[in-house]
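Quick note: the coordinates plus some simple rules give every number you see, no bench work behind them. Because the structure is predicted, anything quoted here is derived from the model rather than measured. For neighbour counting, all protein chains shown are included, and Cβ atoms are generated from backbone atoms with ideal geometry for every residue, glycine included.
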Amino acid sequence: MEPPVSPIRDASSYSPSSTDLGISLLRFSLGVMWMAHALLKLLVFTLPGTAGFFASVGLPGWLAYPVFAVELLGGLAIAVGLYARQLSLLLMPILLGAVWVHLPNGWVHTSAGGGWEYPLFLCVSSLALWLLGDGAVAIRRSSWLVPRPAAA
């Protein structure tokens, strides 16, 4: 029986593949988009305005504040690679809520009231990141809630 292969690599010999770099690019851009989504609530609509919008679509208005915080901090963590896979999965209910809110407005996000194409794309991107991994440059990786390959 062969000993298990260590997942720890010698940092001096590590050379990221183009796939790892591509995943890192996906992770970074997804994190930036999460932060932009949060900052839109703060800088454009204001948090009280966002709370009013939440209330107008049947959600508790106070929910705007934790959603803002989770989007901003979660986006930052995803961008730098701090448990990015897990956070991208855990943040998906926010995106699914945004899809639900914008569903009556039509597909294109530039529709009056905003369509659902943008939040759906971010949702699919978050799911893809969870499935693909952290990429080449990540602060902290974890295997929690990550699909594992079948044993050979």
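General remarks:
- Gain on full stretching of the segment that runs from residue 107 to residue 39 - 0.36 nm per residue minus C-alpha separation: 22.2 nm
- Close amide-amide hydrogen proximity is noted between residue 82 and 139, 140, each under 5 Å apart and 5 or more residues distant or on a separate chain (H modeled in the peptide plane; Pro and chain starts excluded).
- Cut-off 18 Å, label 7 Å out along Cα→Cβ of residue 80, residues of the range 103-138 by amide N: 134-138
- When peptides 107-113, 69-75 are ranked by their average number of other Cβ atoms within 10 Å per residue, the highest-first order is 69-75, 107-113.
- Compared with the alpha-carbon gap, the fully stretched path from residue 128 to residue 18 is longer by 37.9 nm at 0.36 nm per residue.
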